[in-house]
Amino acid sequence: MEQYLNPNVRDIKISGIRKFFNMVADIEGMISLTIGQPDFPTPMHVKEAAKNAIDENFTSYTHNAGFLQLREAAASYVGTKYNVHYHPENEVIVTSGASQGIDVVLRSILEPGDECLLPGPVYPGYEPIIHLCGAKAVYIDTTQNDFKVSAESIQAHISDSTKCIILPYPSNPTGVSLTKDELKEIAAVLKGRKIFVVADEIYSELTFEGTHHSIAEFLKEQTIMINGLSKSHSMTGWRIGMIFAPECISKHLLKVHQYNVSCASSVSQKAAYEALTNGINDAVVMKEEYKIRRDYVYKRLIEIGFKDVVKPDGAFYYFVKIPAAFDMTSFEFALALAHQEKVAVVPGDAFSRYGEGYIRLSYACSLEELEEGLSRIESFISSHI
Ligand SMILES: Cc1ncc(COP(=O)(O)O)c(C=O)c1O
């Protein structure tokens, strides 16, 4: 029966990250610099709120968009922190992680034949959904511009079929972000066109210098903003994301969300309420720690001899170029490094073909692990050059 499945589903490949893990999973004594989630526990007060939710039988379906006080807290969180203002009654939807938010949003926007712009390299969670919609992912090569899209590069890729653009900043896998001025310029290019902006800002709280800015500040009517608690509150397993969009868009997103999951887990919603009220600044301590690690890793990468290292503005990743002396694909490089030195990094091609020639290093691990991992990378590099 396999041949009768939706061909768009058959075309989807397992992620490059998974493929790589499957090949190196059994290596003993491996230091992993691949982690895509915070290495801190969920804050205690958030965990207590979830326990109380269970004890108080808050275990039924909630409103499809999430219980109202949580939506109020979510609206106030992004309003206070990022100066973007949404009505909790009809412009906020709580989802099962940002992942489900991305699915709902892209399926609500895209039709067969549409084009969706996105920066390359990029988080691998978008292209399969674009493909499932019968639409086409059109990458904007950012490798020559410190991994940032710009007003000019966007302009150059817009066609009559362009229906949406994904702006995922701070970025996974590169850690870079866009400044307020860069966002304003991009908003000016997109304003008034029939193009939706999907702003995936899941790493917004992990912005190291200054505050995060959202394009929604300048182009609210065309923007659908996605955020969540996985990274800010170390809550990846709780599966809480959020979509913010003008009412005329949200009311349609809500239908797709409703027929998809009904609502996010009620217990997790109570935990999220605690996180977005008493815990609105929980990310600060984690961010300070990531910043120390970021600076340490930068120093080491330069000492080891990596060239053109782009220092991240946020998140917890470095995306570094494999030295020219290596005549290997990023997959071969990562595999050889894992086997010879027992350090795992993610091959760059997992983040689209624009990531070929790079590796992603995560610093969501202890300084000791980073020290050891980077020393092993250093000996791998020096033994080949
Ligand atoms: C850019 C980006 N968006 C979305 C997600 C998914 O987040 P969630 O755990 O909330 O589904 C991730 C997870 O790594 C990510 O890096």
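The values are calculated or read from the model by the stated rules, or taken from the named source; none is laboratory data. Keep in mind that this is a model prediction, so the values were computed, not measured. No Cβ is skipped: glycine too gets one built from the backbone with ideal geometry, and neighbour counts run over all protein chains shown.
Can you tell which of Gly125, Gly192 is out of contact with any strand residue (DSSP E or B) (no Cβ under 9 Å at 6 or more places or on another chain), within 29 Å of Cys248 (Cβ to Cβ) and outside the structural domain of Gly355 (by TED's automatic domain parsing)?
Gly192
Consider the range 90-128. How many of its residues are in a helix (DSSP H, G or I), within 11 Å of the ligand (Cβ to nearest atom) and aliphatic (A, V, I, L, M)?
So in the range 90-128, the residues in a helix (DSSP H, G or I) come out as 97-109, 127-128.
Checking which are within 11 Å of the ligand (Cβ to nearest atom) leaves us with 97-103.
From what's left, aliphatic (A, V, I, L, M): 98, 102.
Final tally of qualifying residues: 2.
If you check Ser250, Ser204, Ser262, Ser266, which single one turns out to be in contact (Cβ under 8 Å) with a residue 24 or more places away in the chain, within 14 Å of the ligand (Cβ to nearest atom) and of a type in the set (Gly, Ala, Ser)? So that I can check it myself, show each step before the final result.
On the way: Ser250 fails: within 14 Å of the ligand (Cβ to nearest atom); Ser262 fails: within 14 Å of the ligand (Cβ to nearest atom); Ser266 fails: within 14 Å of the ligand (Cβ to nearest atom).
Answer to the check: Ser204.
Of the numbered conditions (1) touching a residue at least 12 places away in the same chain (Cβ under 8 Å); (2) part of a loop (DSSP other than H, G, I, E, B); (3) away from the ligand (no atom under 11 Å from the Cβ); (4) closer than 28 Å to Gln37 by Cβ, Gly210 satisfies every one except a single condition; which is it?
(1)
What pairs come out if I take residues in the range 228-241 that are surrounded by 24 or more Cβ atoms within 10 Å (Cβ to Cβ) and pair them with residues that are at pLDDT below 95 whose C-beta lies under 7 Å away, six or more apart or interchain?
Lys231/Pro38
Give the range 143-190 a look and list any residue that's among the hydrophobic types (A, V, I, L, M, F, W, C), outside any loop (DSSP other than H, G, I, E, B) and within 21 Å of Gly125 (Cα to Cα), or say none.
Initial filter on the range 143-190 (among the hydrophobic types (A, V, I, L, M, F, W, C)): 147, 149, 151, 154, 156, 158, 164-167, 176, 178, 183, 186-190.
Filter once more, keeping what is outside any loop (DSSP other than H, G, I, E, B): 151, 154, 156, 164-167, 183, 186-190.
Listed by number, the residues that qualify are Ile154, Cys164, Ile165, Ile166, Leu167.
Could you list, in sequence order, the residues of the range 226-247 that are within 14 Å of the ligand (Cβ to nearest atom), farther than 20 Å from Thr59 by Cβ and aliphatic (A, V, I, L, M)? Can you show your working first?
Filtering the range 226-247 for residues within 14 Å of the ligand (Cβ to nearest atom) gives 226-243.
Going one step further and asking which of them are farther than 20 Å from Thr59 by Cβ, we end up with 226-228, 230-234, 236, 241-243.
Those that are within 14 Å of the ligand (Cβ to nearest atom), farther than 20 Å from Thr59 by Cβ and aliphatic (A, V, I, L, M): Ile226, Met242, Ile243.
For residues in the range 243-292 being among the aromatic types (Phe, Trp, Tyr) and either on the phi > 0 side of the Ramachandran plot or part of a helix (DSSP H, G or I) (or both), which is farthest from the chain's Cα centre (by Cα)? Talk me through it step by step, then tell me what you get.
So the first thing to find is which residues in the range 243-292 are among the aromatic types (Phe, Trp, Tyr), and the list is 244, 259, 273, 290.
From the residues that got through so far, the ones that are either on the phi > 0 side of the Ramachandran plot or part of a helix (DSSP H, G or I) (or both) too are 259, 273, 290.
On the way: Tyr259: 24, Tyr273: 22, Tyr290: 16 Å.
My answer is Tyr259.
Residues that are surrounded by fewer than 24 Cβ atoms within 10 Å (Cβ to Cβ) and in contact (Cβ under 8 Å) with a residue 40 or more places away in the chain: does the range 178-194 have at least one?
No.
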